[in-house]
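The structure appears below as structure tokens.
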Amino acid sequence: MRKGLLEFCILHIISRGEVYASDMLEELTEAKMIVAEGTLYPLLQRLKNASLVSYKWVESESGPPRKYYLITEEGRDFLNTLNETWESLVSSTQMITSKQ
């Protein structure tokens with residue numbers, strides 16, 4: 001379940017625009033979703049292999065080139081489906097947990 005939520009959150013982060021992996025890690029950590037680099041990079045590779053994200057290399061003035069991730073059109077469609085599933089799940093869970 002955690003893996004699925006992590007994928008959902010990562011796609012949301014990437015959907016806002018080009019993003020560097022360390023910025024994703026920072027945002028996930030701020031949200032108290034502790035994620036190690038050893039978890040993030042394989043997940044990003046799976047998302048790329050599934051054509052949900054792509055990346056581009058950008059030259060850096062302070063070191064080696066950086067890999068920035070972008071969401072693909074297929075990724076946007078998949079994220080929309082995940083959003084619908086999430087909303088339904090939240091609604092169902094609230095219905096069950098709000099009963100006395």
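Can you pull the one-decimal nm distance between simple spin-label points at GLU74 and THR93, each 7 Å off the Cα toward Cβ?
Result: 2.9 nm between the two label points.
Using the Karplus equation 6.51 cos²θ - 1.76 cosθ + 1.60 (θ = phi - 60°), what ³J(HN,Hα) coupling, rounded to whole Hz, does each residue of the range 14-21 give in order, writing x for Gly and Pro?
Once θ is set to phi - 60°, the couplings for the range 14-21 become 5, 5, 7, x, 3, 8, 8, 4 Hz.
What does the helix-only formula give at 222 nm for the chain: each DSSP H stretch with n ≥ 4 adding -39500 (n - 2.57), the total divided by the residues, and the result rounded to the nearest 500 deg cm²/dmol?
Calculated mean residue ellipticity at 222 nm is -20500 deg cm²/dmol.
Could you order the peptides 73-83, 8-18 from most to least packed, using the average number of other C-beta atoms within 10 Å per residue?
Descending packing order for the listed peptides: 8-18, 73-83.
If amide hydrogens are placed 1.01 Å from N in the peptide plane, which non-local residues have theirs closer than 5 Å to the one on THR72?
Sorted by chain and number, the residues that satisfy this are VAL53, SER54.
Using only C-alpha positions, report the orientation-averaged shadow area of the convex hull of the chain, nm², one decimal.
Averaged projected hull area, Cα only: 7.6 nm².
Only Cα pairs under 8 Å and at least 6 apart count here; give the relative contact order of the chain as a rounded whole percent.
Normalised by residue count, the contact order of the chain is 28 percent.
About its Cα centre, how strong a charge dipole does the chain have in debye, to the nearest 20, once Lys and Arg get +1 and Asp and Glu get -1 at the Cβ?
With only Lys, Arg, Asp and Glu charged at Cβ, the dipole is about 340 debye.
Pairs of lysine in the chain with Cα under 15 Å and at least 8 positions apart or on different chains: total?
Within the chain, the lysine pair count is 4.
Counting other beta carbons within 10 Å of each residue's own, what order do LYS48, LYS99 fall into, fewest first?
LYS99, LYS48
Computed from the coordinates by the stated procedures, all read-outs in this text should not be read as laboratory data. Everything quoted here is computed from the prediction, not taken from an experiment. Cβ atoms come from the backbone with ideal geometry, glycine included; neighbour counts cover every protein chain shown.
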